[in-house]
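Data first, discussion second: the structure below is written as structure tokens.
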Amino acid sequence: MELPIDYATLRVIWWALMGVLLIGFALTDGFDMGVGALLPFVAKTDQERRMVINTVGATWEGNQVWFILGGGAIFAAWPLVYAVSFSGFYLAMFLVLAAMILRPVGFKYRSKRHDPRWRSFWDWALFTGGFVPVLVFGVAVGNVLQGAPFRFDSDLRISYLGSLLGLFSPFALLCGLLSVSMLVLHGAAWLTVKAEVGPVTERARRFGEIAGLASIVLFAAGGFYVAFGGMGFRLEGLTDAAGPSNPLRTVVVAAPGAWLDNYARHGWMVLAPVLGFAGAALALLGLRSDKAALSFSGSTLATLGIISTVGLSMFPFILPSSVDPRSSLTAWNASSSHLTLFIMLIVTVIFLPLVLLYTAWVYKVLWGRSTTGALTTNPDLY
């Protein structure tokens, strides 16, 4: 059966779609988690904390669906990547899921009792549910850039040689802190848009400025390390972009600064890191000038630019191996079949626009600032 889109093109499309889903998760559920991480610090009274929680209370469940879609896309389009990452990083994934489980429980249980200690406990649970996943996601990206300790044998059986503590290397922790600062900035910007103007938004602006500066410094430090100190990966020889999904057919070498190769070949890619720096600067300008729309637009662009920088720097790699570069997974050797990718693309073309339109409609209907006054008049609020 002759399909209208060739295999190599479909692989690139699904690599891009995986990026879209991960960025969609960071842009939507990212500010939810950023707000959670800020909750104990920007809101001092019970009324203020309830108001902050309700800035995301109506949409956080829908935003979290992007995370599920991303995991589903990896499973369906990149089964080898799913097998390695979800088995090798099992304990880290469990840590993320345990922290994320605290969020729905915290949202639902926090206001069930008036005991201050009860509410304080769930406030810190919401903090944990926001801070820990963001940190671990960033650490995971740092490990992907450095290569994960796995290999395939001749029968394509996976051996993972790492440990949970081994994931937290200095560079991975730097990436984790960048992830935290990036999404705390995004959460602070969201609060300036959605929270009642007053002490909470003032505190959010101050914390957002710190997070914005940290994002710029950490992004620059990470880029400097990748360029001059870190090991990257590159393909050697001829690569069949439409070949079978078998990583052992690929010749890969590890080399210092290899993650900069794509920028030499495709100059337009430099727009991604420029967008990361410019977006953070715009967010800072918006926070300091008390322009909520500018700060949120800037944090959105910063998140888009920083995540895109990682993806474009690594292409076509998805998950390189630090112990056996030949086992590295790329867009050309780790995908599902040609027919599977094509059928999934048809489904995505039909349903993804519907999801986006519905999401936009929900935000339009629920738009408006969360206020402390509404807490006494609306029984449906958290």
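The values are calculated or read from the model by the stated rules, or taken from the named source; none is laboratory data. What you see is a predicted model, and the numbers here were worked out from it, not measured in a lab. Please note: Cβ atoms are built from the backbone with ideal geometry, for glycine as well, and neighbour counts cover all protein chains shown. The area values use the complete protein model at the heavy-atom level, side chains included, leaving out ligands, DNA and RNA. Shrake-Rupley method; radii C 1.70, N 1.55, O 1.52, S 1.80 Å.
Using just the alpha carbons, could you tell me how many Å³ per residue the convex hull of the stretch 108-249 encloses?
Spelled out: Cα convex hull of the stretch 108-249, divided by residues, is 203 Å³.
For the stretch 32-141, which semi-axes, largest first and in whole Å, follow from the square roots of 5 times the eigenvalues of its Cα gyration tensor?
Numbers: eigenvalues 183, 36, 25 Å².
The answer is 30, 13, 11 Å, longest axis first.
Using θ = phi - 60° and the Karplus curve 6.51 cos²θ - 1.76 cosθ + 1.60, what whole-Hz ³J(HN,Hα) does each residue of the stretch 209-216 get, with Gly and Pro shown as x?
5, 4, 5, x, 5, 4, 4, 5
If the stretch 200-305 were replaced by its equivalent ellipsoid, with semi-axes equal to the square roots of 5 times the Cα gyration tensor eigenvalues, what would those be, largest first, whole Å?
With the √(5λ) rule applied to the stretch 200-305, the semi-axes are 38, 15, 12 Å.
Taking a spot 7 Å from the Cα of A360 along the direction of its beta carbon, which residues of the stretch 271-307 have an amide N less than 12 Å from it?
Within reach of a label on A360: no residues.
Of all accessible surface on the chain at a 1.4 Å probe, what whole percent is carbon and sulfur?
That fraction is 70 percent.
Which is farthest toward the positive dipole end of the stretch 1-110 among G36, S85, L97, measuring Cα position about the Cα centre, with Cβ charges +1 (Lys, Arg) and -1 (Asp, Glu)?
Value computed over the given set: G36.
Ignoring everything but the protein chains, give the 1.4 Å probe accessible area of I307 in square angstrom, nearest 10.
50
Would you mind telling me which residue in T239, T59, T28 has the biggest mean-square fluctuation in a Gaussian network model of the chain, where springs connect alpha carbons within a distance under 10 angstrom?
With Cα springs under 10 Å in the chain, the top fluctuation among T239, T59, T28 is at T239.
Go through L135, L167, F207 and say which Cα lies farthest out towards the positive end of the charge dipole of the chain; charges sit on Cβ, +1 for Lys and Arg, -1 for Asp and Glu.
With unit charges placed on the Cβ atoms, the residue in question is F207.
Would you mind classifying the stretch 157-203 by shape? Square roots of the alpha carbon gyration tensor eigenvalues, ordered a ≥ b ≥ c; an a/c under 1.5 is rounded, otherwise it is prolate if a/b is larger than b/c and oblate if not.
prolate
Let me check something: with ligands and nucleic acids excluded, how do V132, V20, V81 order by accessible area (1.4 Å probe), largest to smallest? Don't skip to the end; give the middle numbers.
Numbers: V132 35, V20 70, V81 10 Å².
Ranked from most to least accessible, the order is V20, V132, V81.
Under a GNM of the chain (C-alpha, springs under 10 Å), which listed residue has the highest mean-square fluctuation: G305, G57, G130?
With Cα springs under 10 Å in the chain, the top fluctuation among G305, G57, G130 is at G57.
For the stretch 79-152, just run the numbers: alpha carbon Rg, then divide by 2.2 N^0.38 Å, N being how many residues it has.
The stretch 79-152 yields a ratio of 1.44.
To the nearest 500 deg cm²/dmol, what mean residue ellipticity at 222 nm is calculated for the chain from DSSP H runs of n ≥ 4 alone, each contributing -39,500 (n - 2.57), summed and divided by the residues? The partial results should precede the final answer.
Numbers: 13 runs with 259 residues, N = 382.
So the helix-based figure for the chain works out to -23500 deg cm²/dmol.
If I take all pairs of Cα atoms in the chain, what percentage of them are more than 29 Å from each other? All intermediate terms of the calculation are to be shown ahead of the outcome.
Values: 31912 of 72771 pairs.
That tail contains 44 percent of the Cα-Cα pairs.
Over the heavy atoms of W268, what accessible area does a 1.4 Å probe trace out, to the nearest 10 Å²?
Accessible area, nearest 10 Å²: 150 Å².
Name the shape class, rounded, prolate or oblate, that the alpha-carbon gyration tensor gives for the stretch 109-185, where a ≥ b ≥ c are the square roots of its eigenvalues, rounded holds for a/c under 1.5, and otherwise prolate holds if a/b is larger than b/c and oblate otherwise.
Numbers: a/c = 4.00, a/b = 2.23, b/c = 1.80.
Verdict is prolate for the stretch 109-185.
Note down the magnitude of the dipole of the stretch 96-220 about its Cα centre, charges +1 on Lys and Arg C-beta and -1 on Asp and Glu C-beta and zero elsewhere, to the nearest 20 debye.
520
Given springs between every Cα pair under 10 Å in a Gaussian network model of the chain, which of V144, V134, V349 has the largest fluctuation?
Looking only at V144, V134, V349, the largest GNM fluctuation is found for V349.
Of all the Cα-Cα pairs you can form in the stretch 8-63, what percent are over 18 Å apart?
48
Give or take rounding to whole Å, what are the principal axis extents of the alpha carbon atoms in the stretch 241-372, in descending order?
Taking max minus min along each principal axis of the Cα atoms, the stretch 241-372 gives 59, 38, 28 Å.
Please compute the modelled spin-label separation between A264 and L164, points set 7 Å along Cα→Cβ, answer in nm with one decimal.
The modelled label-to-label distance comes out at 4.1 nm.
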